[in-house]
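Have a look at the structure below before the remarks.
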Amino acid sequence: MVSRVIPVEPFDLVVFGGTGDLAQRKILPGLLRRFTDGQMPPDSRVIAVARSDMDSASFRARVARAIAETVPDSHRDAGSERAFLERIDYVMVDATGEAGWRDLAAALRPDVVRAVYFSVAPALFGPIAEGLHRHEIARADCRIVVEKPFGQDLDSARALNATLAAHFDEKQIYRIDHYLGKETVQNLMAVRFANILFEPLWNAQFVDHVQITVAETVGIEGRAGYYDAAGAMRDMVQNHLMQLLCLIAMEPPYRFDPEAVRDEKLKVIHALDPVAPGDIVRGQYNAGNGQPGYRDECGDPDSLTESYIALKLHISNWRWKGTPFYLRTGKRLRARASEIAVTFKEPPHSIFGEGERWKENTLVIRVQPNEGITLNVMIKEPGPGGMRLVDVPLDMTFAEALGAGGRDIPDAYERLIMDVIRGNQTLFMRGDEVEAAWAWTDPIIAAWQAREDRPQPYEPGSAGPEDALMLVHRDGRRWREISP
Ligand code: NAD
């Protein structure tokens, strides 16, 4: 089957922070792919904005270098690249001053979709929102895209929401969480709500437990200033893992519509129980494998920030009462792997006798790498020799099924930017969701700060601290292997 690419309407996309890492590594190469695939109409334009003084030709040369570094040769096409680069202009604007705003206003067309990507530090959200209004760039239908981190606690998230709300309606604001742009994450909703098979079993009566894992092999990589003030809870759990949890646990929305989906996600966050200190394990990676430890990297020998966290959560509602959700995320772990595993309960009675090996049915939604969905089922071991059972993965990897071979699955950023142009907010966080997530996170962090909790050291390349294993073992369960 050939995937259908439906072009979006022509647009002007302004990228504040156009010279920055995110724009160069993700946003602009992603737009090139959409252009090459015919989804970005040729009369669309990208207006990159930053503080550096340079002309459009120099900026295009810089983007060309970024593309060469980030896009594999097998995916490159010189003709498309040339045509795409011609769609990019550069305007110098100082977000906190007056310089450049008029040039930016003059560069935009009145009759195409207008979107502004704030790919800058959150401290600049206010000045940019204000500048866009002062210079009449923010039309009533102008969309804005804002990046994480959206605050570092409830108060700062509220303040950011208020800053944006002073200039934009909620319908114009796209708070990006790139996990929601991943193909499998959306496929999770298709599997749940487009099939009758799973939903009747999707509750505490039949689901034994859920594991959500986001494991990274990298350390904090030069982001010490940001990371040491944030830690894994703020950097990963409050946003990405929380979003995955919401999609797994939410009630069926009445329609696949932005407000309906986000209303259901919000109810999950509201139903989360506070987490007992004994249900949280925090860790910090040691030096090893020729790499520095967390404290060396962050430059603070006494840092109490966690580079790993595991939590056991409960959702207090009729559907989930009694089913634990185990979440873990960390850096410098054994492999880079993100997955959600829904483990079902044992059948009520085995007709095959005591000695027969039985393994639980587990639905694994693999977010990265090797995106795909598998369901472990028990079957009869083929061949003679009586009824022996064996568990096999039923592979629902759509990339193969749809003939794409995984090559042409758009990156999360590409998909989400196209959704912004289409005006579809379903996969973006609403302001109240972000605030609710912080309202749940804040007391947990405050409690460990008050008792000066020390993260447990763990070895680089391991599965995390020992106590994290115990968090699951003591319930008679096991973490899944972290494997690439
Ligand atoms: P960066 O430091 O590489 O780039 C910042 C950009 O902002 C530069 O283009 C710089 O010129 C511009 N800028 C700074 N001050 C300015 C001013 N006064 N006026 C106009 N432009 C100004 O940052 P980044 O890594 O690209 O990240 C951008 C945002 O995206 C941040 O909020 C970050 O937290 C978020 N984010 C980044 C990544 C990533 O992979 N880099 C991932 C997730 C979220």
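The values are calculated or read from the model by the stated rules, or taken from the named source; none is laboratory data. Since this is a predicted model, take the numbers as computed values, not measurements. All Cβ positions, glycine included, derive from the backbone under ideal geometry; neighbour counts span all protein chains shown. To get the accessible areas, we keep the full protein, side chains included, count just its heavy atoms, and leave off ligands, DNA and RNA. Shrake-Rupley method; radii C 1.70, N 1.55, O 1.52, S 1.80 Å.
Explain nothing, just the number: dipole magnitude of the range 20-69 about its Cα centre with +1 on each Lys and Arg Cβ and -1 on each Asp and Glu Cβ, in debye rounded to the nearest 20.
In total the dipole reaches around 120 debye.
Name the long-range amide H neighbours of Val377: under 5 Å, sequence gap of 5 or more, or other chain; modelled H, no Pro or chain starts.
It is Val392, Leu394, by chain and number.
Could you grab the relative contact order for the chain? Cα pairs under 8 Å, six or more apart, rounded to a whole percent.
Value for the chain: 18 percent.
Can you give me the % of accessible surface on the range 11-147 that is carbon or sulfur? Probe 1.4 Å, all protein chains present, nothing else counted.
Roughly 49 percent, rounded to a whole number.
Hey, any idea what % of the range 266-305's accessible area is carbon plus sulfur with a 1.4 Å probe?
Roughly 51 percent, rounded to a whole number.
Leaving ligands, DNA and RNA out of it, work out the accessible area of His135 with a 1.4 Å probe and give it in Å² to the nearest 10.
It works out to around 40 Å².
Do any GluC sites (Glu not before Pro) in the range 177-235 lie in a loop, going by DSSP, with at most 13 other beta-carbon atoms within 10 Å of their beta carbon, and if so which?
Within the range 177-235, the qualifying GluC sites (Glu not before Pro) (loop, at most 13 other Cβ atoms within 10 Å) are Glu221.
So, with +1 on the Cβ of K and R and -1 on the Cβ of D and E, and no other charges, what is the size of the charge dipole of the chain about its Cα centre, to the nearest 20 debye?
Around 640 debye, computed over the chain.
Could you work out how much longer the chain between Lys380 and His349 gets when fully extended? Use 0.36 nm per residue separation minus the Cα distance between them, nm to one decimal.
Taking 0.36 nm per residue and subtracting the Cα distance, the gain is 9.5 nm.
What percent does the relative contact order of the range 202-299 come to when contacts are Cα pairs within less than 8 Å and at least six residues apart?
29 percent
How much length is gained on full extension from Arg65 to Ala190, taking 0.36 nm per residue of separation minus their Cα-Cα distance?
Taking Arg65 through Ala190 to full extension adds about 41.2 nm, to one decimal.
Pick out, from Ile212, Gln172, Leu188, the residue whose Cα sits farthest towards the positive end of the charge dipole of the range 171-221, with +1 on the Cβ of Lys and Arg and -1 on the Cβ of Asp and Glu.
Toward the positive end, the furthest listed residue is Gln172.
From the protein chains alone at 1.4 Å, what is the descending order of accessible area for Met470, Met236, largest first?
Ranked list, largest accessible area first: Met470, Met236.
Which of the listed residues, Leu31, Ala140, Ile351, is farthest toward the dipole's positive end in the chain, when Lys, Arg count +1 and Asp, Glu count -1 at the beta-carbon?
Ile351
How large is the translational diffusion coefficient of the chain in µm² per second when you combine the Kirkwood radius over alpha carbon pairs with Stokes-Einstein at 25 °C and 0.890 mPa s?
For these conditions, the coefficient is 101 µm²/s.
Could you work out [θ]222 nm for the chain from helices alone, using -39500 (n - 2.57) per DSSP H run of at least four and dividing by all its residues? Round to the nearest 500 deg cm²/dmol.
That calculation yields -9500 deg cm²/dmol at 222 nm.
Accessible area per residue, 1.4 Å probe, Å², for the range 11-147: what's the number?
Value returned for the range 11-147: 42 Å² of accessible area per residue.
Can you compute the charge dipole magnitude of the range 11-147 about its Cα centre, using +1 on each Lys and Arg Cβ and -1 on each Asp and Glu Cβ, nothing else charged? Give it in debye, rounded to the nearest 20.
I would put it at about 200 debye.
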